[in-house]
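The values are calculated or read from the model by the stated rules, or taken from the named source; none is laboratory data. Given the structure is predicted, the values throughout are model-derived calculations rather than measurements. Cβ: placed from backbone, ideal geometry, glycine included. Neighbour counts: every protein chain shown. The area values use the complete protein model at the heavy-atom level, side chains included, leaving out ligands, DNA and RNA. Shrake-Rupley method; radii C 1.70, N 1.55, O 1.52, S 1.80 Å.
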Amino acid sequence: MERAPGTAPDTASSDADRAAARRAGRRAGRITGGAQELDQRLADLLRGGLAAADRPGYGLWEETAARMVDAQAPGLAGRVRELGAIPDSGPGWPGRLLEECALLRLLDSAWLGRDRLPGPLAATVRTRVGLTSSAEGAAVRDRWLVLAQYDIPDGRIVTRRTWLYGRSSGRVSLLLSYGAPGRAPARALPVGTVVDAEVTSYPGGGGLRGELGPQFGEPLATTAPPPGGTTADALAAYGRALRDDPWLDAWPATLREVVPAPSGDGWQLVGAADGSALPVAPSALSRPGLWKLVALSGGGPLTVFGECGHRGFDPLAAWCAGTSEDEAPSAAVALT
Amino acid sequence: MPTTVDATTNGVPVNASWEDLVTSALLGTDRRPLRAEDGAPVGPGELLDTAALHTVRRRAALRPATGAALPEPAPADPRPPLPAAARRRLAQLLADRSAPPSGGRRGAAPDLTELIPQWLASAGAHGYRAPAELLPALLDAARARTDLRPHVLAFAGPRGLWLAGLNPEWRFALRASSRGAQRPGIEDPEAVHGLWEEGLFAERVALLGAVREQDPGAARALLAGTWATERAEDRLMFLDSLRSGLSGADEAFLEEALADRSRNVRATAAELLSALPGSALARRMAARATTCVNPDRTGGAVSVAVEAPHECDAAMQRDGVVPVPPSGRGERSWWLGQLVEAAPLGVWRERFDDRTAQELVMLPVADGWAGELHAAWCRAAVRQRDPDWARALLGAPSTPLANGPGTASLAERSKLLATLPSSERALWVAGFIAAHGLSEAFQLLGVCSVPWEGPLGRAVVDALDIARDAGSYPWSFSGVMGLAERCLNPAEADRLAVLTTTPDEPEGASPGAGGYWSEAFQRLVSTLRLRAAMDAELAQDGAE
């Protein structure tokens with residue numbers, strides 16, 4: 001603490017505020033330095049050609065990512081590190097690498113020009129760069145249906161993602177919590193239950209991320225899936241969400257009456273009514289959840305919740321209608 | 001989707017297709033620059049900005065594709081769903097299989113994987129339908145463990161088979177499916193004939209077995225219809241299917257098979273015929289055997305006189321007697337053994353003044369033939385499934401191993417035991433364990449029905465207790481311990497709980513053995529409790 005001895009207690013908080021503001025200013029300065037450096041490195045890369053990134057022993061990504069960590073911009077560092085995997089991702093990698101380089105440049109130039117951006121977009125940029133913010137929107141009390149919950153190992157920590165659907169508001173909210181490996185990150189909300197609770201959204205990112213506030217009563221089990229739409233609805237929602245956050249890879253969607261069908265080396269979710277289809281995202285093809293989904297369908301239509309984006313549809317939970325008339329629809333089956 | 005985009009970086013529009021952007025980016029803007037509308041070279045920054053616009057615009061404009069052909073829906077499965085608790089239990093058993101606890105020693109926790117077969121058998125007996133979302137884990141389990149396959153495939157039913165058809169990793173299920181649901185209903189004679197005429201070998205074996213179960217005569221007729229055209233090794237397998245449901249009605253067919261071109265087919269036909277005491281072959285063998293084995297009444301007491309055959313003639317060979325003995329055996333005793341084995345056991349009673357099997361095995365046998373004769377009687381008792389003879393040949397369970405009337409071989413004894421009713425079997429093995437301990441009991445326990453009946457369970461537990469008091473380590477008995485976990489009646493758990501404490505170490509005990517024993521008994525008790533819970537869950541009515 002820098003506070004001088006003898007300072008009156010009532011000025012301590014404003015001192016602390018000033019100190020926090022100074023720290024935030026210093027950090028923003030470092031990030032700006034990092035963003036400028038990143039911009040320069042991307043420009044150099046493009047001048048020489050992306051083909052260089054495919055050569056063995058190419059170390060630019062790791063080194064650049066480390067520079068971004070030094071610049072206290074973990075969001076930029078993470079994106080840079082992901083670029084490193086693209087040259088090994090099979091045919092068509094130059095196009096994908098250009099896409100991600102372009103979006104990275106979009107992000108660092110957005111940071112550098114954030115003063116000219118409208119408030120929500122500026123908030124999105126701050127979050128994407130890696131600044132933490134706090135949930136500050138209005139609290140929405142609703143009966144939230146727990147759609148999916150899964151843990152993603154992320155370096156030394158584990159990120160738990162919980163998807164909620166507000167029965168009355170119709171909103172979908174994503175709760176993120178973090179925990180050390182081997183320890184549960186925050187308490188688990190059972191998939192397929194309904195929780196009466198308040199959820200407050202974080203700024204930016206289309207308001208998707210939320211924070212769970214006070215809960216009223218215990219979670220209740222339910223078998224009713226959220227209302228769903230068509231494959232076209234899911235893609236249209238993703239397209240709309242890109243207006244608020246052009247860096248989004250996917251947006252949550254519930255598909256009604258879709259049938260998993262094999263297609264080439266992969267799988268599709270095909271609308272039973274209109275025959276329109278979304279490819280199952282490559283990341284989901286190797287997960288056991290895909291076969292659960294197929295088994296559950298038995299070739300018939302299901303309601304499927306998942307993330308829909310430019311890589312395809314990543315199924316996270318499914319509901320099937322009862323197999324006979326006197327049977328209730330099945331409870332949600334987690335596919336993660 | 002637009003292939004070109006106007007971007008106005010630095011006020012100058014860049015009109016380029018995505019392919020042009022990728023080419024310039026890949027080769028480098030120094031080497032392959034794009035030109036803006038005003039002819040100025042497009043720098044790396046402008047290129048990236050234009051690419052970002054392309055990327056976001058393309059992503060925002062994504063449209064669904066036209067769907068591929070839908071898979072055929074899975075056939076309906078009318079079985080009732082599992083009770084909710086049983087469904088959770090199955091998920092837990094399967095999860096434990098794919099993620100076994102780390103470390104070699106099992107400690108006090110039950111080995112869930114070992115309980116999967118029992119759970120499947122029990123669920124199958126209740127007639128439940130497998131939960132769809134657990135089918136992938138069930139098929140994975142069956143893929144890894146062939147012993148699980150029959151139960152898993154029966155439980156997985158038509159949807160499991162449907163699913164297996166979509167994943168090459170589960171192809172084994174399709175190969176095995178002829179045992180399962182896709183077999184044509186055997187009440188449909190045309191479909192049966194179709195499959196019999198055109199099916200793969202495995203399908204035909206399975207079909208024959210299924211038909212035989214329902215209607216032995218129909219199975220025989222099916223086989224007779226194509227018999228002449230089957231390959232020798234196939235004839236052998238098909239003939240083997242007649243073993244179940246064997247009756248006098250099969251005799252004519254089998255008698256004809258005695259003239260088969262293949263020696264193995266002939267031998268199997270002879271074996272089957274000799275299991276029919278009323279068959280002509282059995283009578284022929286009886287006649288031959290009784291010329292060799294006779295009562296000897298000289299000197300007051302009756303004994304058994306043996307005169308082994310001097311030749312193996314063509315008629316004997318036609319009836320399945322193998323003329324050439326394995327190396328190290330005399331041919332006359334080899335022939336004798338085969339004759340006695342194939343002769344109906346009833347013939348000895350007639351021959352020896354109405355003596356019972358019990359009395360017959362006690363008669364002295366002349367010239368050192370006792371071993372040969374009794375061994376042949378053992379094989380005959382197993383083949384003819386004759387409990388009286390089996391009982392006589394097993395003798396009292398407490399008789400020392402080497403002095404038994406019939407055979408010292410544990411494998412032969414297991415076979416004899418299998419001909420006895422299950423409670424008698426359990427009592428005999430219980431007596432055996434009480435007299436001889438556990439070290440020789442493993443094979444005999446394997447033929448006892450599960451759960452073990454009271455006296456048998458008590459004998460096993462008492463013997464384990466004695467072994468503990470003797471101070472040896474529990475893993476000397478891990479085979480029997482494992483069996484006990486799976487086979488003891490779950491109701492014994494409470495009585496066993498007293499054994500889970502760590503006792504004072506007796507003098508001369510192996511160091512630390514007491515602790516390991518208490519751990520082993522804890523595992524036994526917790527496994528039994530788990531089995532009781534599993535049974536209770538499966539017995540509940542209805543799903544959630």
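Values as computed for the structure displayed
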quantity	calculated
A:TYR150 vs. criteria under 19 Å from A:GLY75 (Cα atoms), at pLDDT below 90, of a type in the set (Phe, Trp, Tyr) and open to solvent by 20 Å² or more (accessible area, probe 1.4 Å)	no
Those residues of the range B:378-395 which are open to solvent by 10 Å² or more (accessible area, probe 1.4 Å) and in a helix (DSSP H, G or I), in sequence order	B:ARG379, B:VAL382, B:ARG383, B:PRO387, B:ASP388, B:TRP389, B:ARG391
Members of the range B:50-83 found to be at the interface with another protein chain (Cβ under 7 Å from one of its Cβ atoms) and part of a helix (DSSP H, G or I), listed by number	B:ALA51, B:ALA52, B:THR55, B:VAL56, B:ARG59, B:ALA60
Residue in the range B:291-298 that is open to solvent by 10 Å² or more (accessible area, probe 1.4 Å), over 20 Å from B:VAL361 (Cα atoms) and over 42 Å from the mean Cα position of the chain (by Cα) present	no
Flag if B:ARG89 is basic (Lys, Arg), surrounded by fewer than 20 Cβ atoms within 10 Å (Cβ to Cβ), touching a residue at least 12 places away in the same chain (Cβ under 8 Å) and more than 7 Å from chain A (Cβ to nearest Cβ)	no
Filtered residues of the range B:471-499 (kept if under 21 Å from B:LEU444 (Cβ atoms), outside any helix (DSSP H, G or I) and open to solvent by 50 Å² or more (accessible area, probe 1.4 Å))	B:ASN489
Selection count where residues are away from chain B (no Cβ under 11 Å), open to solvent by less than 30 Å² (accessible area, probe 1.4 Å) and either out of contact with any Pro (no Cβ under 6 Å at 6 or more places or on another chain) or of a type outside the set (Ser, Thr, Tyr) (or both), scope the range A:269-306	6
Where a residue in the range B:361-388 is over 12 Å from B:VAL340 (Cβ atoms) and its partner, wherever it lies, is open to solvent by 50 Å² or more (accessible area, probe 1.4 Å) and hydrophobic (A, V, I, L, M, F, W, C), with Cβ under 9 Å and at least six apart	B:LEU363/B:ALA301; B:PRO364/B:ALA301
Some residue of the range A:197-215 being part of a strand (DSSP E or B), modelled with pLDDT under 95 and closer than 21 Å to A:ALA318 by Cβ	no
Any hit, the range B:327-336, residues being open to solvent by less than 30 Å² (accessible area, probe 1.4 Å) and among the hydroxyl-bearing types (Ser, Thr, Tyr)	yes
Some residue of the range A:77-87 being out of contact with any helix residue (DSSP H, G or I) (no Cβ under 8 Å at 6 or more places or on another chain) and open to solvent by 40 Å² or more (accessible area, probe 1.4 Å)	yes
The range B:22-49 - residue that is among the β-branched types (Val, Ile, Thr) and more than 7 Å from chain A (Cβ to nearest Cβ) and, of those, least open to solvent (accessible area, probe 1.4 Å)	B:VAL42
Residue identified as outside any helix (DSSP H, G or I) and open to solvent by 10 Å² or more (accessible area, probe 1.4 Å) among B:LEU246, B:LEU195, B:LEU236	B:LEU246
Top-ranked residue in the range A:199-257 [being small (Gly, Ala, Ser), touching a strand residue (DSSP E or B) at 6+ places or on another chain (Cβ under 7 Å) and without any contact (Cβ under 8 Å) to a residue 40 or more places away in the chain; ranked as nearest to A:ALA273 (Cα to Cα)]	A:GLY229
All positions within the range A:243-265 that are open to solvent by 10 Å² or more (accessible area, probe 1.4 Å), part of a strand (DSSP E or B) and farther than 22 Å from A:TYR165 by Cα	A:PRO262, A:SER263
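Rundown of residues vs (1) more than 30 Å from A:GLY29 (Cα to Cα); (2) in contact with a helix residue (DSSP H, G or I) (Cβ under 9 Å, 6 or more places away or on another chain); (3) open to solvent by 60 Å² or more (accessible area, probe 1.4 Å); (4) modelled with pLDDT of 85 or more, yes/no style:
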{"site": "A:ASP108", "(1), (2), (3), (4)": "no, yes, no, yes"}
{"site": "A:PRO118", "(1), (2), (3), (4)": "no, no, yes, yes"}
{"site": "A:ALA123", "(1), (2), (3), (4)": "no, yes, no, yes"}
{"site": "A:ARG141", "(1), (2), (3), (4)": "yes, no, yes, yes"}
{"site": "A:SER177", "(1), (2), (3), (4)": "no, no, no, yes"}
{"site": "A:THR193", "(1), (2), (3), (4)": "yes, no, no, yes"}
